[in-house]
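*Asks:* Have a look at this one.
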Amino acid sequence: MSIAQLPAHEALKLTALRESLAAVIRGKDETIEILLTALFAGGSVLMEDVPGVGKTTLAKALARSLDTEFRRIQFTPDLLPSDILGSSIYSPKDGSFTFKQGPIFCSILLADEINRASPRTQSALLEAMSEGQATIEGVRHDLPNPFLVLATQNPIDFHGTYPLPEAQLDRFLVQLQVGYPEQDMEIEMLFDRAVTLPLDSVEKVMTIDEVATIQRHVREIQMERSIAKYLVELVARTRNHPLLKLGVSPRGSLMFFRAIQSAAFLAGRDYVLPDDVQKMAPHVLAHRLSLTPKARYGSVTKKQVILEIVSEIPVPA
């Protein structure tokens, strides 16, 4: 099922969600589209950029637009895994322990500046992002479904940051950059925020159950085997590329498949085109790669490697 086949009220809500985000972050339609692609594909989002360009604002705008439980964690060097997951509290009155849930027990979790916490704390999210559950003190706890992590991070060469391990990066569906606004949009931003903040006027336009329904529609999007083969060829090329020491995992292939379906859905189709594969490749694949020292010293970027691979692999007819 595509957007064009949705009931009128659901299609209107999707339009309202786009407009709600665009009113808060001006001139970033492509970034918003990738964010919604990840949302409806059921994957988490990593936003990396310099401070102050609107990463946290965009994440909060999405959370406020959805009628669901939303929590925010400010990651700091002294944050512990138990601060995220929760822990058992001792009651001296009767000598019992009562489990107190941490902020991870929500539908949308904003992990702000995730790479300012230690790798030990970052790893508290691994199980939740992969399996929608958290094992705490030997007991498994199911998380709400759907569950989405919106994480922001500063570039890894900034002071006081810890690079995310490869296993953590592989659990994010997409990585995106917000970027600096155009001058005209920055002027509009100044006047938008002269009296009130646009974020304060964001209204809930879609429930989490409606998001789950759209996610089911996304899984129904058709993909020809020739396009699936194209997808796998792109992934396989990353595993033997001379500039890469680590390519895309099979989990990355699965996430790529789902992201392409979601992109086709948002484009108004119930089938996938090679254009969807090419559009999503830099956002889904680049952050899963590890460059060789030669590539890093040569100022080669992961995105450049992906675009090169896309240009080399023949497009299916």
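Taken together, the values in this text are just the output of simple stated rules run on the coordinates, not laboratory data. Note that the structure is a prediction, hence the values are computed from the model and not measured. We place every Cβ from the backbone using ideal geometry, glycine too, and count neighbours over all the protein chains shown.
*Asks:* Taking neighbour counts of Cβ atoms within 10 Å as a proxy for exposure, in what order, fewest first, do F265, F70 appear?
*Replies:* In order of increasing Cβ crowding within 10 Å: F70, F265.
*Asks:* I need the peptides 55-62, 164-171 ranked by packing, meaning the mean over residues of other C-beta atoms within 10 angstrom, with the highest value on top.
*Replies:* Highest-to-lowest ranking by the protection proxy: 55-62, 164-171.
*Asks:* Same structure again: Counting other C-beta atoms within 10 Å, which of D94, D112 has the fewest, and how do the rest follow?
*Replies:* Ordered from fewest to most neighbouring Cβ atoms within 10 Å, D94, D112 come out as D94, D112.
*Asks:* Residues with amide H under 5 Å of Y271's amide H, sequence separation 5 or more or different chain, H placed in the peptide plane at 1.01 Å from N; which?
*Replies:* Q222
*Asks:* Treating only the Cβ of Lys, Arg, Asp and Glu as charged (+1, +1, -1, -1), what charge dipole size does the stretch 221-317 show about its Cα centre? Round to the nearest 20 debye.
*Replies:* 500 debye
*Asks:* If you take every DSSP beta bridge fully contained in the chain, what fraction is antiparallel? Give it as a percent rounded to 5.
*Replies:* About 40 percent, rounded to the nearest 5.
*Asks:* I need the peptides 250-263, 136-149 ranked by packing, meaning the mean over residues of other C-beta atoms within 10 angstrom, with the highest value on top.
*Replies:* 250-263, 136-149
*Asks:* Using Cα pairs under 8 angstrom and six or more residues apart, how large is the relative contact order of the chain, in percent?
*Replies:* 23 percent
*Asks:* So for the stretch 1-105, averaging the separation of alpha carbon pairs under 8 Å that are six or more residues apart and normalising by length, what relative contact order in percent results?
*Replies:* Result for the stretch 1-105 is 17 percent.
*Asks:* Taking every pair of Cα atoms in the stretch 221-317, average 1/r, invert it to obtain the Kirkwood radius, and report Rg/Rh to two decimals.
*Replies:* Here Rg/Rh amounts to 0.99.
*Asks:* Hey, if you put +1 on the Cβ of every Lys and Arg and -1 on every Asp and Glu Cβ in the stretch 183-317, which of S201, L291, Q222 ends up farthest toward the positive end of that dipole?
*Replies:* L291
*Asks:* Related question: Binned at 20 Å from 0, what are the whole-percent values of the Cα-Cα distance distribution for the chain, short to long?
*Replies:* Using 20 Å bins, I get a P(r) of 30, 58, 11, 0 for the chain.
*Asks:* Next question. Put a dot 7 Å past each Cα toward the Cβ at N240 and E220; how far apart are the dots in nm?
*Replies:* Result: 4.0 nm between the two label points.
*Asks:* For the stretch 56-214, give the share of DSSP beta bridges that are antiparallel, in percent and rounded to the nearest 5; count only bridges with both residues there.
*Replies:* Given both bridge residues lie in the stretch 56-214, the antiparallel proportion sits at roughly 50 percent.
*Asks:* Order of Y90, Y162, Y180, Y230 from fewest to most other C-beta atoms within 10 Å?
*Replies:* Lowest count first: Y90, Y180, Y162, Y230.
*Asks:* While we're here: Spelling out what I want: for every residue of the stretch 294-311, take phi, set θ = phi - 60°, compute 6.51 cos²θ - 1.76 cosθ + 1.60 (Karplus), and round to whole Hz; glycine and proline get x.
*Replies:* Couplings: 4, 5, 5, 5, x, 6, 7, 9, 4, 4, 4, 5, 5, 5, 5, 4, 4, 6 Hz.
*Asks:* Could you compute the net charge surrounding I208? Neighbours are other residues with a C-beta less than 12 Å from the C-beta of I208; K and R count +1, D and E count -1.
*Replies:* Once all neighbours under 12 Å are counted, the net charge is -3.
*Asks:* Hey, another quick one. Would you mind checking the pairs K28/K302; K245/K302; K13/K279; K60/K303; K245/K294; K279/K303 and listing those with alpha carbons more than 19 angstrom apart?
*Replies:* Going by Cα-Cα distance, K28/K302; K13/K279; K60/K303 fall outside the 19 Å limit.
*Asks:* How high is the relative contact order of the stretch 221-317, in percent, with contacts defined as C-alpha pairs under 8 Å that are six or more residues apart?
*Replies:* 37 percent
*Asks:* Placing +1 at every Lys and Arg Cβ and -1 at every Asp and Glu Cβ, with all other atoms neutral, what dipole size does the chain have around its Cα centre, in debye to the nearest 20?
*Replies:* 860 debye
*Asks:* Can you tell which of I104, L169, P51 lies farthest toward the positive end of the dipole of the chain, using +1 and -1 charges on the Cβ of basic and acidic side chains (Lys, Arg; Asp, Glu)?
*Replies:* L169
*Asks:* Quick check for me: using +1 on Lys/Arg Cβ and -1 on Asp/Glu Cβ, what's the dipole size of the stretch 67-198 about its Cα centre, in debye to the nearest 20?
*Replies:* My answer is approximately 600 debye.
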